[in-house]
Amino acid sequence: MASKTVLITGATSGIGAHTARSLLARGHRVVVTGRDERKLEKFLDEAGCPDRLLGLVGDAADWQATDSVVTRAVEHFGGLDAAVANAGFMSGDSIGAGDPALWAPMVLTNVLGPALLAHASLPHLEAAGGRLVLIGSVAGLKNSPGNLYSATKWATTGLAENVRLHATARGVGVTLVNPGMVDTPFWEGTGVPPFALPPRPVAETICFALDQPAGVDLNTLTIRPVGQPV
């Protein structure tokens with residue numbers, strides 16, 4: 001498989017970080033973003049491969065930051081073959097008994113963020129015949145009571161098909177990856193279910209999508225741990 005340049009938002013930990021490491025191990029060039037500069041520097045130091053890895057501080061919910069990240073990635077590596085909208089988080093509360101002050105950042109990161117990345121990256125992906133990957137969730141396929149996070153992932157599910165309809169005529173593939181429960185810092189403060197998947201299988205699923213040959217539009221992949229009933 002020819003070496004590609006892949007941009008991953010929110011990649012300093014969890015699924016994003018494991019995906020970046022898996023891509024580097026395959027010989028690809030990787031651009032990772034994160035809001036916390038210290039976490040980003042720590043990841044870059046641990047990952048190695050400084051000639052094929054670029055780290056950029058940026059908020060996925062901010063248009064100027066997203067546009068700048070994509071521009072700098074293209075300038076640094078000469079193009080962009082794939083983008084992975086991975087940045088996202090869960091407020092850990094509910095509409096019935098939650099803190100509304102936590103909701104706006106979650107909605108902006110989980111819903112606006114992928115749309116901004118699509119807008120900024122699609123011209124470059126079209127030039128490369130590349131692929132956009134959106135990280136959704138099983139929570140975007142199954143409802144649960146008062147779960148605003150779930151609503152943001154339902155929005156991601158709709159956005160993936162919306163973008164696919166736009167991008168397919170331009171030679172760009174769009175893949176929605178829906179993880180079930182995964183043992184990552186995402187669950188910090190709420191408790192990790194005992195049957196949760198390690199992040200590596202999800203990262204390998206993302207890499208599988210990115211490894212598809214030109215002309216193959218692999219649209220939806222759902223990966224749950226055995227034992228997750230919904």
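The values are calculated or read from the model by the stated rules, or taken from the named source; none is laboratory data. The structure displayed is predicted, hence computed values, not measured ones. Positions of Cβ are backbone-derived with ideal geometry, glycine not excepted, and every protein chain shown enters the neighbour counts. Keep in mind that these areas ignore ligands, DNA and RNA; they rest on the heavy atoms of the full protein, side chains included. Shrake-Rupley method; radii C 1.70, N 1.55, O 1.52, S 1.80 Å.
Per-structure values
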{"read-out": "3J(HN,Hα) from dihedral phi, the stretch 158-163, Karplus parametrisation 6.51/-1.76/1.60, rounded to Hz, x for glycine, proline", "value": "x, 5, 4, 6, 4, 5"}
{"read-out": "Heavy-atom surface of the stretch 15-86, accessible at 1.4 Å and reported per residue (Å²)", "value": "47"}
{"read-out": "Estimated vicinal HN-Hα couplings, Hz - the stretch 131-136 in sequence order (Karplus 6.51, -1.76, 1.60; Gly, Pro = x)", "value": "9, 10, 10, 10, 8, x"}
{"read-out": "Between the stretch 53-115 and the stretch 10-38, the alpha-carbon center distance in angstrom", "value": "14"}
{"read-out": "Full-extension gain in nm, THR220 to THR71, via 0.36 nm per residue minus C-alpha separation", "value": "50.9 nm"}
{"read-out": "Relative contact order (%) - the stretch 55-119, alpha-carbon pairs under 8 angstrom, separation at least six", "value": "45"}
{"read-out": "Distance cut-off 23 Å, percentage of C-alpha pairs in the stretch 95-230 lying past it", "value": "37"}
{"read-out": "Degrees separating the helix 113-128 axis from the principal Cα axis of the chain, which is the longest one", "value": "20"}
{"read-out": "Net charge of neighbours whose Cβ lies under 13 Å from the Cβ of PHE43, counting Lys and Arg as +1 and Asp and Glu as -1", "value": "0"}
{"read-out": "PHE208 accessible area, 1.4 Å probe, all protein chains in place, Å² to nearest 10", "value": "110"}
{"read-out": "In Hz, Karplus ³J(HN,Hα) per residue of the stretch 148-156 (6.51, -1.76, 1.60; θ = phi - 60°; x = Gly, Pro)", "value": "5, 4, 4, 4, 5, 7, 4, 5, 5"}
{"read-out": "Nonlocal amide H pairs with ILE223, under 5 Å, H built at 1.01 Å", "value": "ASN178, GLY180"}
{"read-out": "Radius of gyration, Dmax [the stretch 190-230; alpha carbons; angstrom]", "value": "13.2, 41"}
{"read-out": "Amide H within-cut-off set for VAL133, under 5 Å, with H built and near neighbours excluded", "value": "ALA83, VAL84, ALA85, THR175"}
{"read-out": "Over the chain, relative contact order from alpha-carbon pairs under 8 Å, at least 6 apart, %", "value": "20"}
{"read-out": "Ranked order, VAL32, VAL57 - accessible area, probe 1.4 Å, largest first", "value": "VAL57, VAL32"}
{"read-out": "Loop-resident sites, the stretch 111-173, for trypsin sites (Lys or Arg not before Pro), counting at most 15 other Cβ within 10 Å (DSSP)", "value": "LYS142"}
{"read-out": "Span from the the stretch 125-174 Cα centroid across to the the stretch 200-230 one, whole angstrom", "value": "13"}
{"read-out": "Apportionment of accessible area to carbon and sulfur, the stretch 50-133, percent (1.4 Å)", "value": "56"}
{"read-out": "Under-5 Å amide H pairs with GLY171, H placed in peptide plane, nonlocal only", "value": "none"}
